[in-house]
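The values are calculated or read from the model by the stated rules, or taken from the named source; none is laboratory data. Here the structure is a predicted model, which means the values were calculated and not measured. For neighbour counting, all protein chains shown are included, and Cβ atoms are generated from backbone atoms with ideal geometry for every residue, glycine included.
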Amino acid sequence: MSKEILVEKPKMNNYRELLEFAEKNYGENIAYKYKENPQENPVKYVQKTYKQVVNDIKAITSALLNRGFEGKRIALIGENRYEWCISYFAVTAGNMIIAPLDKALPDNEIESLIKRSEVDAVIFEKKHKEIFKK
């Protein structure tokens, strides 16, 4: 006979509350572990605690809000990596609207999506710099 364990889950209304909960309850636990530079040998791993993750998110959120982007549309395009995740959380936790774009799209489609979505800013990796210079 199995034993059931019931856990009461706190009610959270947004990402900000989720981040505060994670930092308070799991602050020193490892939230992310990733390769710093996957091409290097030997591979060096970076570990980020929940507290560090929340601090990174708050830093980007603050930077965007200080530039007047509250309530604005922000596009995000890049590789699947720590910085992409942090940027996504920063935008959504900061009362902004996220428009994630597929990094595999051809340049002309990325340009078209940017125009049609009427974004106010774009967070991107260096490889997309020329598209956004236009």
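A few notes on this one:
- Pairing each residue of the range 10-24 that is of a type in the set (Lys, Arg) with any residue that is assigned to a helix (DSSP H, G or I), provided the two are 6+ apart or on different chains, yields C-beta distances under 7 Å for Arg16/Ala93.
- Lys115 passes every criterion in (1) over 28 Å from Pro38 (Cα atoms); (2) within 10 Å of the chain's Cα centre (by Cα); (3) free of Cβ contacts under 8 Å to residues at least 40 places away in the same chain apart from (2).
- Close contacts from the range 35-51, counting a first residue that is touching a residue at least 24 places away in the same chain (Cβ under 8 Å) and closer than 27 Å to Glu23 by Cα and a second that is of a type in the set (S, T, N, Q) and outside any strand (DSSP E or B), with Cβ to Cβ under 6 Å and a gap of 6+ residues or different chains, come to Tyr50/Asn29.
- Number of residues in the range 90-134 that are farther than 27 Å from Leu19 by Cβ and either in contact with a Cys (Cβ under 8 Å, 6 or more places away or on another chain) or of a type in the set (D, E, K, R) (or both) equals 12.
- Number of residues in the range 40-51 that are farther than 21 Å from Glu79 by Cα and under 19 Å from the mean Cα position of the chain (by Cα): the value is 3.
Yes/no matrix, rows are residues, columns are (1) within 19 Å of the chain's Cα centre (by Cα); (2) acidic (Asp, Glu); (3) under 20 Å from Glu125 (Cβ atoms):
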{"residue": "Arg16", "(1), (2), (3)": "yes, no, no"}
{"residue": "Lys35", "(1), (2), (3)": "yes, no, yes"}
{"residue": "Pro38", "(1), (2), (3)": "no, no, yes"}
{"residue": "Leu64", "(1), (2), (3)": "yes, no, yes"}
{"residue": "Cys85", "(1), (2), (3)": "yes, no, yes"}
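- Answer from Ala75, Ala90, Ala99 - the residue that is surrounded by 17 or more Cβ atoms within 10 Å (Cβ to Cβ), over 30 Å from Gln47 (Cβ atoms) and in contact with a strand residue (DSSP E or B) (Cβ under 9 Å, 6 or more places away or on another chain): Ala99
- Among the numbered conditions (1) hydrophobic (A, V, I, L, M, F, W, C); (2) in a strand (DSSP E or B); (3) over 26 Å from Glu36 (Cβ atoms), the only one that Val122 does not meet is (3).
- Checked against the criteria, Ile98 counts as modelled with pLDDT of 95 or more and closer than 21 Å to Ile131 by Cα.
- Every residue from the range 98-122 that is in contact with an Asp or Glu (Cβ under 9 Å, 6 or more places away or on another chain) and among the β-branched types (Val, Ile, Thr): Ile110
- Helices (runs of 4 or more DSSP H) completely within the range 8-98 that count 1 or more residues being farther than 30 Å from Arg116 by Cβ and among the aromatic types (Phe, Trp, Tyr): 15-26, 50-66
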